[in-house]
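Accompanying notes for the structure given below.
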Amino acid sequence: MSFTLLGQAIPAVPALTGLVIFLLIIVIVLVVNGRGRQSEEDMLRAEDAEHNMAAILRAQAEMQGRLAAMTEVFGSRQAELNQAIGQRLDGMSQRVTATIGEQTRSTHENLRRLQERLAVIDAAQTNIQSLAKDVVGLQAILSNKQTRGAFGQARMETIIADGLPMGAYAFQPTLSNGSRPDCTIRMPNGSPPLVIDAKFPLEAWNAIRNATATGPEQGKIAAQQFRRDLEVHIRDIAEKYLIQGETQDTAFLFVPSESIFAEIHENFEAIVQKAQRSRIVIVSPSLLMLSIQVIQAVLKDQRMREQAHVIQGEVAHLMDDLSRLDERVRKLQGHFAMAQKDVDMIVTSADKLARRGERIEALEFEAAAEPAKPAAEDRPKPIDNRTGQLKLRVVDED
């Protein structure tokens, strides 16, 4: 086997060997050329690196200078900042101290007011406790029927005793049928007395209140029981206390509570109408007080009519006294008028004397201002004397 190289035939083995050698030579040449180019590139790179290093060193020097300047600026700025921060912290600490002081004073003031209010609350709590004791006592009173009747009667007696004079009323009197009403009031003009009853069935009303809290059905049953009790009480008053010719044909049923009175008229209208048909008037404390005031006015009018002749006699005496007083006043007025006339005449005389004195004083000044008088033989005799007399007469006439 042979190869053709550069136009020549070479045997196979020697030709292959030569080819390998040739290739090795080419490779060596290429390697040498590559190394030469690489060394040149390395030199160029080294020069570039030196230039870059020099530029980096210059930049580093500049950076160090700038860093030094910036450090100095930052130092001064930091000192100024520290000073400003210190001043602001001092101002803030002063404001915080003042605020804390104000808040402390405000807190002390609020605590003082709170203590005062707590003292007021303690006093109010003490009053509430005492009031609770009174309410418990009142509840105990109302729980007992006899005591409750005494309570209602005591309130009714207080209202009547405050509004009417002694002798115009009577408590627990005995009527002809043996019954004893709670109170009777004497009416004017010989009319029969008015009967007032204070035995209100309060236990039935309390049953209504207690049953309403438990349920509507229980409340309805309690309301029916209250209606029956009140109807029985109204019938008893009409049968026992309305006596023909001995008492008035109308009686009062006293209810010791305004709220109970209002609820009776609102929820139990049928009972109110039945009481009116039975000539029983249901009254509350305010209505009883108003009725007592009306009765007091009527009694006062009756007493005035009974004493009319006395009043007329006193009016006649009063008119006599007034006529005598008028006569004496007129006499005194005449005396004052005469005295005033005398005073006016005295003032007129005093004025004349004052004017006369002024004119005499004016004549004296005129005499002082005249020249020396002539001799006696040179004076005019009768004419001058008459002239002087005439002047004096004129003065007297003024």
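The values are calculated or read from the model by the stated rules, or taken from the named source; none is laboratory data. Remember, predicted model here, so these are calculated numbers, not experimental data. Heads up, the Cβs are rebuilt from the backbone with ideal geometry, glycines too, and the neighbour counts pull from every protein chain shown. To get the accessible areas, we keep the full protein, side chains included, count just its heavy atoms, and leave off ligands, DNA and RNA. Shrake-Rupley method; radii C 1.70, N 1.55, O 1.52, S 1.80 Å.
All of 271, 221 fail the test of being of a type in the set (A, V, I, L, M, F, W, C), farther than 20 Å from residue 179 by Cα, open to solvent by 30 Å² or more (accessible area, probe 1.4 Å) and more than 42 Å from the chain's Cα centre (by Cα), apart from 221. Figure legend. Inter-residue proximity from region 305-331: first residues modelled with pLDDT under 85, second residues assigned to a helix (DSSP H, G or I) and surrounded by 10 or more Cβ atoms within 10 Å (Cβ to Cβ), beta-carbon distance below 8 Å, spacing 6+ or different chains. Indicated pairs: 311/304.
Against the criterion of being more than 39 Å from the chain's Cα centre (by Cα) and open to solvent by less than 90 Å² (accessible area, probe 1.4 Å), residue 264 does not qualify.
Within region 289-298, the set of residues being farther than 22 Å from residue 190 by Cα and either touching a Lys or Arg at 6+ places or on another chain (Cβ under 9 Å) or of a type in the set (Ser, Thr, Tyr) (or both) is empty. Among the residues in region 163-171, are any touching a Phe, Trp or Tyr at 6+ places or on another chain (Cβ under 6 Å), open to solvent by less than 50 Å² (accessible area, probe 1.4 Å) and at pLDDT 80 or above? Within region 163-171, none of the residues are touching a Phe, Trp or Tyr at 6+ places or on another chain (Cβ under 6 Å), open to solvent by less than 50 Å² (accessible area, probe 1.4 Å) and at pLDDT 80 or above. As for region 228-251, it holds at least one residue that is touching a Phe, Trp or Tyr at 6+ places or on another chain (Cβ under 7 Å), part of a loop (DSSP other than H, G, I, E, B), under 30 Å from residue 297 (Cα atoms) and at pLDDT 85 or above.
Outside any helix (DSSP H, G or I), polar (S, T, N, Q) and surrounded by 13 or more Cβ atoms within 10 Å (Cβ to Cβ), is that true of residue 296?
On the way: outside any helix (DSSP H, G or I): no; polar (S, T, N, Q): yes; surrounded by 13 or more Cβ atoms within 10 Å (Cβ to Cβ): yes.
When the stated conditions are applied, residue 296 does not pass them.
Restricting attention to region 179-190, the residues being small (Gly, Ala, Ser) and open to solvent by less than 50 Å² (accessible area, probe 1.4 Å) number 1. Can you name the residue in region 274-287 that is in contact (Cβ under 8 Å) with a residue 12 or more places away in the chain and among the basic types (Lys, Arg) and is also most open to solvent (accessible area, probe 1.4 Å) among such residues? Here the residue is 279. Considering region 162-206, the qualifying strands (runs of 3 or more DSSP E), each wholly inside and each with 1 or more residues that are among the small types (Gly, Ala, Ser) and touching a strand residue (DSSP E or B) at 6+ places or on another chain (Cβ under 6 Å), run over 169-171.
Of these, 310, 315, which one is closer than 27 Å to residue 164 by Cα and in a helix (DSSP H, G or I)?
Details: 315 fails: closer than 27 Å to residue 164 by Cα.
Of 310, 315, the one residue that is closer than 27 Å to residue 164 by Cα and in a helix (DSSP H, G or I) is 310.
Among the residues making up region 224-250, those that are open to solvent by less than 90 Å² (accessible area, probe 1.4 Å) and touching a residue at least 60 places away in the same chain (Cβ under 8 Å) are 241, 243, 246, 247, 248.
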